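As structure tokens, the structure follows; a few thoughts come after it.
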Amino acid sequence: MNEDIKQALDTIKANQPERQRFIRYYDGRHELSFATEKFKSAFGQTMKNMRDNLCPIVVDAPADRMEVINFSNGENTNPQADAAWKLWQRELMELHSNDVHKEALKTGAGYLIVWSVGGEAKFYVQDSRNCCVIEDEETAEPLFGAKMWETKDKFVRLTLYYPDRIDKYITAKKRRDGTELKPEHFIPVERLRKDGEVIEAPSVPNPHGVIPMFQFETSPVLNDAIPVQDALNKTYADRMVTQEFAAFRQRWATGLEPPTDELTGVQKKIFDGGADRLWFTNDEKVKFGEFEATALEPFLKAADSDRLEMARVSGTPLHFFSINTSDAISGKALNALEARFTKKVSRMCLNFGAVWARVMKLALAIEGEAADNLTVQWGPVETQDEGDLLDSQIKKKSLNVPDKTLWEEIGYSEEQITEFEKTNAKNKPEPTTGNNNQKAGFTAG
């Protein structure tokens with residue numbers, strides 16, 4: 001058991017620095033990289049909050065395209081798929097699934113715990129910095145999940161999730177800052193009431209035979225984006241300093257002898273600069289001039305170049321980073337511009353879809369429902385032009401594609417589809433017989 005604790009501790013501690021860095025950059029708490037020590041000393045404090053943060057766009061753009069719209073079991077109507085969708089909606093997973101996707105895209109892994117509360121399945125989105133799933137080195141099959149966190153009173157909790165049980169541990173003493181955690185610091189949790197009743201046992205049976213922690217793993221999209229973000233911040237900081245000290249024309253005068261203060265011996269100021277002030281003198285020997293202001297265009301071009309590089313390394317379409325003032329782009333043109341981005345999101349949907357299917361299988365099992373061969377239905381990944389979409393659906397209708405499938409592809413909700421089906425059932429004409437046709441004036445032969 002100590003070996004499992006050690007493996008969990010080592011994995012979580014190894015993952016934390018990188019995942020913490022990704023989250024920090026997403027939140028806009030960047031390092032001032034590519035700056036000399038002299039620059040940091042002079043302007044570091046002033047510029048620490050001056051950021052043009054593109055990291056949220058890199059993460060949110062694919063996450064916003066990953067929308068679960070239903071479940072399927074390969075049949076037109078299936079009670080298991082309907083039960084899965086009702087459970088999904090009941091637990092507000094339209095919102096929580098987006099949190100899981102964003103965490104996975106940010107840090108490379110998102111985590112979700114599924115457990116029973118009063119006979120109902122509940123979903124708990126986890127902080128990736130606190131979790132890991134240990135896999136078999138040969139088969140890559142998950143062996144157990146782990147979650148470690150520090151309580152408000154400075155104790156550290158560690159929970160291990162196995163297919164047959166949940167083991168809970170806590171440090172015997174409060175953790176001091178900087179203290180390295182080791183397996184021998186942990187003891188099994190056992191909380192008792194004053195009357196001796198156990199309110200938290202060190203081990204809880206897992207009756208479902210499935211590890212209740214699920215890992216959504218992918219390549220962190222910020223990995224290649226952070227160096228470009230650092231370069232953009234340096235460009236932005238240099239521009240702000242230039243605007244402060246060199247964006248205004250500096251004037252000079254020669255041939256003047258500034259008067260000296262008789263008491264202090266300090267030369268007095270002759271002219272004050274300002275838009276409402278004019279410099280002049282009656283001395284013909286005096287000459288006035290000015291230095292050219294430093295141009296800001298090179299900084300603006302450098303910032304645009306950084307955005308272009310961000311689009312290239314992250315696979316995020318360039319128009320996500322800038323305001324397009326030209327004519328509106330058609331849906332087909334956008335699809336062409338977003339082809340690489342669409343492929344990337346589609347692959348992630350396939351990856352995450354397999355995990356969501358296992359999540360829902362466990363959730364339904366908790367509520368006494370079977371769910372074999374359950375698959376996830378995703379909303380459209382590519383940009384949709386409404387006119388083109390409707391034309392496509394009309395063509396599919398001619399191929400006898402079921403109405404419900406077409407409505408789902410358009411993006412109607414399950415409630416709207418139910419209303420459509422009720423309306424169609426009411427308006428469906430009654431089947432006619434030969435006698436009815438004759439009464440209506442139908443003549444055969």
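The values are calculated or read from the model by the stated rules, or taken from the named source; none is laboratory data. Since we're looking at a predicted model, the values are computed, not measured. Virtual Cβ from ideal backbone geometry, glycine too; neighbours counted across all protein chains shown.
Kindly indicate whether Lys285 is over 30 Å from Asp238 (Cα atoms), over 20 Å from the mean Cα position of the chain (by Cα) and at pLDDT below 75. Considered against the rule, which asks whether it is over 30 Å from Asp238 (Cα atoms), over 20 Å from the mean Cα position of the chain (by Cα) and at pLDDT below 75, Lys285 comes out as no. Quick one: would you say Asp64 is free of Cβ contacts under 8 Å to residues at least 60 places away in the same chain, within 17 Å of Gly353 (Cα to Cα) and surrounded by fewer than 15 Cβ atoms within 10 Å (Cβ to Cβ)? Considered against the rule, which asks whether it is free of Cβ contacts under 8 Å to residues at least 60 places away in the same chain, within 17 Å of Gly353 (Cα to Cα) and surrounded by fewer than 15 Cβ atoms within 10 Å (Cβ to Cβ), Asp64 comes out as yes.
Scanning region 86-119 for residues that are of a type in the set (Asp, Glu) and at pLDDT 95 or above yields Glu91, Asp99, Glu103. Restricting attention to region 126-184, the residues that are assigned to a loop (DSSP other than H, G, I, E, B) and under 27 Å from the mean Cα position of the chain (by Cα) add up to 4.
Looking only at region 56-114, count every residue that is of a type in the set (A, V, I, L, M, F, W, C) and under 29 Å from Arg24 (Cα atoms) and tell me the total. Residues flagged as of a type in the set (A, V, I, L, M, F, W, C) and under 29 Å from Arg24 (Cα atoms) within region 56-114 amount to 17.
A count restricted to region 198-207 and to residues that are in contact with a strand residue (DSSP E or B) (Cβ under 8 Å, 6 or more places away or on another chain) and in a loop (DSSP other than H, G, I, E, B) stands at 3. Quick one: is Asp391 over 21 Å from Gln80 (Cβ atoms), outside any helix (DSSP H, G or I), modelled with pLDDT under 90 and not hydrophobic (A, V, I, L, M, F, W, C)? In short, no. Screening the candidates Thr342, Thr316 for the property of being part of a loop (DSSP other than H, G, I, E, B), under 22 Å from Lys102 (Cα atoms), modelled with pLDDT of 90 or more and not basic (Lys, Arg) yields one hit, Thr316. Checked against (1) modelled with pLDDT of 80 or more; (2) aliphatic (A, V, I, L, M); (3) under 30 Å from the mean Cα position of the chain (by Cα), Ile410 meets all criteria but (1). Inspect region 374-386 for any residue being surrounded by fewer than 16 Cβ atoms within 10 Å (Cβ to Cβ), over 23 Å from Leu87 (Cα atoms) and at pLDDT below 80 and give the result as yes or no. Scanning region 374-386, I find at least one residue that is surrounded by fewer than 16 Cβ atoms within 10 Å (Cβ to Cβ), over 23 Å from Leu87 (Cα atoms) and at pLDDT below 80, so the answer is yes.
The set of residues from region 410-427 being out of contact with any strand residue (DSSP E or B) (no Cβ under 9 Å at 6 or more places or on another chain) and touching a residue at least 12 places away in the same chain (Cβ under 8 Å) comprises Ile410, Ile417, Phe420, Glu421, Asn424.
For region 228-262, filtering for residues that are among the basic types (Lys, Arg) and either closer than 15 Å to Glu290 by Cα or modelled with pLDDT under 75 (or both) leaves 2. Considering (1) out of contact with any Phe, Trp or Tyr (no Cβ under 6 Å at 6 or more places or on another chain); (2) modelled with pLDDT of 80 or more; (3) not hydrophobic (A, V, I, L, M, F, W, C), the lone condition that Asp52 does not fulfil carries the number (1). Taking the criterion of being of a type in the set (Gly, Ala, Ser) and either touching a Gly at 6+ places or on another chain (Cβ under 8 Å) or modelled with pLDDT of 65 or more (or both), the residues of region 22-49 that qualify are Gly28, Ser33, Ala35.
Tell me yes or no: at least one residue of region 119-141 is closer than 25 Å to Leu92 by Cα, among the charged types (D, E, K, R), in contact with a Leu (Cβ under 8 Å, 6 or more places away or on another chain) and crowded, with 17+ Cβ neighbours inside 10 Å. No, every residue in region 119-141 fails to be closer than 25 Å to Leu92 by Cα, among the charged types (D, E, K, R), in contact with a Leu (Cβ under 8 Å, 6 or more places away or on another chain) and crowded, with 17+ Cβ neighbours inside 10 Å.
Only residues that are in a helix (DSSP H, G or I), of a type outside the set (A, V, I, L, M) and crowded, with 19+ Cβ neighbours inside 10 Å were counted across region 214-235, and they come to 3.
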